[in-house]
Structures are given as structure tokens and as C-alpha cells.
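Each value in this text was obtained by applying a stated rule to the coordinates, not by laboratory testing. This one's a predicted model, so the numbers in the text were calculated from it and none came from an experiment. No Cβ is skipped: glycine too gets one built from the backbone with ideal geometry, and neighbour counts run over all protein chains shown.
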Amino acid sequence: MSDPTTPTPLVPHEGWHVMHLFYQVDHAQWALFSDEEKRHAKTHLTELVQEIRATADTQLLSFSIATPKADLGFMLLTPDLHVANAFEKQLSLSLGPEILSPVYSYLSQTESSEYTPTREQYIAETLVEEKCLTAGTPEFDAALVEFETRMAHYRKYRLYPTLPDWPVVCFYPMSKRRSGSDNWYALDFEARRTLMAGHARVGRTYSGRILQLISGSTGLDEYEWGVTLLAKDTSDVKAIVYEMRFDEVSARYADFGDFYIGMQLPLDLLFRRLCL
Ligand code: 76R
């Protein structure tokens with residue numbers, strides 16, 4: 001028998017739900033609070049954040065947003081959409097009614113890529129054609145083991161990432177274009193795979209400087225993917241987005257939404273930054 005007070009979990013068959021939440025602080029309402037009420041509100045939000053971070057398979061990044069597009073941002077990753085939804089409603093109300101107003105939000109899911117090279121492709125295209133290795137040699141076998149290990153790690157990261165506390169968080173939504181001769185969805189799989197290999201080649205040159213999480217949102221939100229880039233230096237964000245614009249996948253086929261730049265901060269610093 002299902003319990004009517006606890007809905008059946010809405011957990012994707014693979015991956016997690018991802019919510020990006022951006023709020024503005026209503027300082028006029030906040031100013032009406034007594035010092036005691038302000039302290040109480042901040043303690044309440046702090047406890048809620050601790051509760052969310054203590055939930056299994058759940059991550060919550062908190063950041064201050066640069067420019068008045070928004071003040072405060074959260075990125076929530078958790079398997080069950082009911083849990084994400086409950087936390088999101090609680091976060092919105094956490095400082096008291098009318099203090100945090102949502103200005104932008106985005107719902108997506110972690111996903112594995114349909115363009116990940118298969119073992120057969122890697123053998124034929126990389127080991128044999130590119131590296132001229134012969135099957136059965138120790139070099140060939142070592143390269144294959146390295147590939148399998150890297151892929152296992154990669155598949156796990158795309159679906160179940162652990163996001164680091166790198167200070168810069170860049171978020172923007174994007175779609176692949178469907179316009180006249182620039183229709184990504186009218187290309188056959190091999191053409192898309194070749195183009196995506198070029199995209200990944202550019203991306204890999206930012207290894208160690210940019211950590212990207214591409215979460216899928218087709219049918220879930222306005223665009224088709226949420227792009228989250230973590231960095232230690234804003235110049236790397238600027239450089240990768242610029243360089244990718246020249247890559248055919250972005251130059252011909254990408255449409256973008258609004259960009260948000262946040263700085264991850266622990267809550268006490270975040271409260272001070274937001275003048276709360
Ligand atoms: O994930 C991987 O490392 C495998 C290769 C790869 C895929 C499949 C990859 C690599 N990406 C993939 C998929 Mn990407 N990516 C973006 C953007 O601003 C822009 O122009 C585009 C936004 C950036 C900055 C970026 C960075 N990527 C995708 C998809 C899904 C496409 C689909 O399924 O049709 C999108 C929308 C997308 C967009 N990408 C990388 C990067 C970086 C830095 C890498 C290298 C990661 C690494 O190997 O270290």
C-alpha cells in the first residue's frame with residue numbers, strides 16, 4: 001500500500017535531477033525584521049542547507065551572483081524530483097516570506113552522452129588508425145585498459161558528479177539550432193559524432209582549469225541543456241566560451257540563454273556579501 005503522505009519517489013532510471021535557483025533579496029522587507037528575527041532567519045537557512053547537504057546523494061552549491069541579475073544562487077543535485085521540489089520550496093521561504101524572490105530557475109538532469117566512443121570505435125579510430133598500434137601488443141593492451149578505466153570514470157562522473165568548491169560558477173542554458181540548413185537534429189548520427197569529437201577536443205585543452213557539467217533539459221525546461229562551468233579564474237570561463245564559439249558545434253548550431261556568474265561562498269560569508 002502506498003502511503004498517501006509520502007509520494008512515490010521520482011528518480012530517473014539513471015542520473016540525478018539538477019536545479020539551478022537564482023533569487024533576489026528584498027532588502028525593504030528584510031529591513032522590517034528586528035535583529036532577533038534576522039538572526040533567526042539566517043539560522044533557519046543555515047540549518048536547512050546543512051539538512052540538504054546531509055541528504056544521501058545530494059549536493060547543494062551556494063553562491064553570490066555577480067551583477068544585479070540576481071543576488072543569491074543555489075545549484076541542487078539530488079535523485080528524487082519530489083525531494084528537489086520540497087527543498088526548493090523550503091529554500092525560497094527560508095529567510096521568511098517575501099525575502100527571497102526567484103528571478104530565474106532551471107530544471108535538468110545529469111545524463112551520459114550518446115557520443116561517447118565505444119570500445120570498437122576507440123580501437124579502430126584511435127589505436128589502429130591514429131596511433132598505429134597492433135592488436136595483441138603490450139602497448140595496445142595497456143592503451144585499451146587505460147581507455148576502459150577512463151570511460152568508467154567518465155560515465156560515473158557525467159551521471160553522478162561530485163562538484164568541487166571551485167570559486168567561479170558559470171551557468172547558462174543552451175539548445176542546438178533547428179533553423180534552415182543549420183538544423184542539428186537533421187544531421188545523421190555520424191556527422192554529429194564527428195562534430196562532437198571536435199567540440200570535445202577543444203574542451204579537453206581546458207582540463208584542470210574548467211570543470212563542465214552538461215545536464216539535459218529537453219522536455220523539462222526552455223532550452224535543451226544546462227551548462228555549468230566551474231573555474232578558479234573568470235578568464236578561463238571567458239576563454240572557453242569564446243573559443244567554443246569558433247567550433248562548428250557552437251558556431252553553427254548553438255543558441256544560448258542568459259549567463260549567470262556566481263562565486264561559491266560559505267554561508268556566513270554569503271550573508272555578509274548580501275548585506276543580510
Ligand atoms: O564529456 C566529455 O568529456 C566527452 C566529450 C563531450 C561531450 C559529449 C564534451 C566535452 N562535451 C560534450 C557534450 Mn561539452 N560543453 C558545452 C559547452 O558555450 C558553448 O559553446 C557550449 C557550452 C561548453 C563550454 C562545454 C565544455 N557539451 C556537450 C553537450 C551535449 C550535446 C549533445 O548531446 O548533443 C553540450 C550542450 C555541450 C556544451 N565540453 C567537453 C566542454 C569541455 C570543457 C569538455 C571537455 C571535458 C573533458 O574531457 O575534460
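Given a cut-off of 27 Å, name the pairs among Lys69/Lys176; Lys38/Lys89; Lys89/Lys156; Lys156/Lys232 whose C-alpha atoms lie farther apart than that in the structure shown.
Exceeds cut-off: Lys89/Lys156.
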Just the number: Rg to Rh for the stretch 112-160, Cα atoms, Kirkwood Rh, two decimals. 1.02
Val128 neighbourhood, Cβ < 13 Å, K/R = +1, D/E = -1, net charge -3
Debye sum, Cα scatterers, the stretch 173-264, no solvent: what log₁₀ I/I(0) at q = 0.17, 0.19, 0.25, 0.26 1/Å? -0.79, -0.98, -1.52, -1.57
In the neighborhood of Arg177, defined by Cβ-to-Cβ distances under 12 Å, what is the net charge if each Lys or Arg adds +1 and each Asp or Glu adds -1? -1
Arrange the following residues from fewest to most other Cβ atoms within 10 Å of their Cβ: Cys132, Cys170. Cys132, Cys170
Once you treat every alpha carbon in the stretch 84-127 as an equal point and sum by Debye, what is log10 I(q)/I(0) at q = 0.15, 0.21, 0.23 Å⁻¹? -0.57, -0.79, -0.87
Extension gain (nm, one decimal) between Leu163 and Glu248, 0.36 nm per residue minus Cα-Cα: 27.8 nm
Projected label distance in nm at Arg119 and Ala142, using a 7 Å step from Cα toward the beta-carbon: 2.1
Output the peptides 264-272, 29-37 sorted from most to least packed, where packing is the average of other Cβ atoms within 10 Å over each peptide's residues. 264-272, 29-37
Over the stretch 17-110, relative contact order from alpha-carbon pairs under 8 Å, at least 6 apart, %: 51
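Over the Cα atoms of the stretch 79-233, compute the convex hull volume and normalise it per residue, giving Å³.
Values: hull volume 25.1 nm³, N = 155.
Given the Cα convex hull of the stretch 79-233, per-residue volume reads 162 Å³.
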Charge tally for neighbours of Leu274 with beta carbon under 13 Å away, counting Lys, Arg as +1 and Asp, Glu as -1, is +1
Taking only the alpha carbons of the stretch 37-134, what extent do you get along each of the three principal axes, in Å, biggest first? 71, 32, 19
Neighbouring Cβ atoms within 10 Å as the yardstick, rank Thr234, Thr58 fewest first. Thr234, Thr58
One can check that the equivalent ellipsoid of the chain, built from the alpha-carbon gyration tensor with semi-axes equal to the square roots of five times its eigenvalues, has lengths in Å, largest first, of 39, 21, 19
Of the peptides 77-83, 144-150, how do they stack up when ordered by the mean number of other Cβ atoms within 10 Å, highest first? 77-83, 144-150
